[in-house]
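Below: the structure, in structure tokens.
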Amino acid sequence: MFKKILFSVVAVLFTASLVSAATYKVDPVHSQVHFTVAHLVIFKVSGVFTEFSGTAEADPTAQALQSVKATVSTTSIDTRIEKRDNHLRSDDFFASDKYPQMTFVSNKIVGSGNDITIYGDLTIRDKTKEITLKGRYLGSNKDGWGNEVAGFEAKGKINRKDFGLTWNKVLETGGVTVGEDVEIGLEIQAIRQ
């Protein structure tokens with residue numbers, strides 16, 4: 001008898017979580033994908049990617065993510081300096097002609113609300129490595145057109161050399177031109193489908 005009751009409770013909870021979960025599509029107009037990397041040891045350079053897409057399975061009641069998929073166009077990199085952007089698109093870095101996209105697919109998500117950890121596979125230049133992002137579910141609301149939207153943010157750090165972005169120059173004073181660690185950040189507004 002106890003097993004039947006326990007099974008019923010688990011089934012109800014599982015069904016409820018499936019019902020409250022929904023698919024959200026990233027709204028690129030109201031979202032940002034950005035990065036920062038050390039330059040000449042003592043400075044930092046920041047930039048954004050202006051073209052990206054993605055979806056998230058999320059539970060607005062529990063303020064939890066269940067899965068995330070994203071694609072970012074490497075050709076859309078923008079650091080406000082055209083010469084630098086063209087260098088970043090070249091074979092020295094993203095090789096955008098050959099690898100026009102990088103992707104992220106979650107494989108495990110833990111936590112909810114202000115304390116979410118997202119584990120997933122990031123692929124750049126056909127090299128895939130698991131990374132960890134720390135994130136927050138910012139809540140949901142209705143936009144001016146009656147769409148339900150939800151907000152998410154996440155940040156993390158990767159080593160660019162893990163993905164074949166190895167170009168550098170040694171400085172006369174020591175150190176290198178471009179740092180290895182890249183801080184990444186996402187502020188995402190997504191529309192419930």
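In the condition set (1) more than 13 Å from the chain's Cα centre (by Cα); (2) more than 16 Å from Gly47 (Cα to Cα); (3) surrounded by fewer than 16 Cβ atoms within 10 Å (Cβ to Cβ), Tyr137 is compliant with all but (3).
Each row is one residue, and each column tells you yes or no for (1) under 27 Å from Asp121 (Cα atoms); (2) modelled with pLDDT under 95; (3) in contact with a Ser or Thr (Cβ under 7 Å, 6 or more places away or on another chain).
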{"position": "Ser8", "(1), (2), (3)": "no, yes, no"}
{"position": "Val12", "(1), (2), (3)": "no, yes, no"}
{"position": "Leu18", "(1), (2), (3)": "yes, yes, no"}
{"position": "Ala22", "(1), (2), (3)": "yes, no, no"}
{"position": "Ala38", "(1), (2), (3)": "yes, yes, no"}
{"position": "Val41", "(1), (2), (3)": "no, yes, no"}
{"position": "Lys44", "(1), (2), (3)": "yes, yes, yes"}
{"position": "Glu51", "(1), (2), (3)": "yes, no, yes"}
{"position": "Pro60", "(1), (2), (3)": "yes, yes, yes"}
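Scan segment 45-64 residue by residue and report those that are among the small types (Gly, Ala, Ser), crowded, with 16+ Cβ neighbours inside 10 Å and over 13 Å from the mean Cα position of the chain (by Cα). Gly47, Ala58, Ala64 - these are the residues of segment 45-64 that are among the small types (Gly, Ala, Ser), crowded, with 16+ Cβ neighbours inside 10 Å and over 13 Å from the mean Cα position of the chain (by Cα). Taking segment 93-120 as the range and being in contact (Cβ under 8 Å) with a residue 24 or more places away in the chain, in a strand (DSSP E or B) and not polar (S, T, N, Q) as the test, the residues that pass are Met102, Phe104, Val105, Ile109, Gly111, Ile116, Ile118, Gly120.
Between Leu133, Leu138, the distinction of being touching an Asp or Glu at 6+ places or on another chain (Cβ under 9 Å) and either at pLDDT below 95 or in a strand (DSSP E or B) (or both) belongs to Leu138 only. Filter segment 77-118 down to residues that are surrounded by fewer than 16 Cβ atoms within 10 Å (Cβ to Cβ) and of a type in the set (A, V, I, L, M, F, W, C) and give me whichever is nearest to the chain's Cα centre (by Cα). Checking each candidate, the answer is Val105.
The values are calculated or read from the model by the stated rules, or taken from the named source; none is laboratory data. As the structure is a prediction and not an experimental result, all values here were calculated from the model. Because the Cβ atoms are built from the backbone with ideal geometry, glycine has one as well, and the counts that use them run over all protein chains shown.
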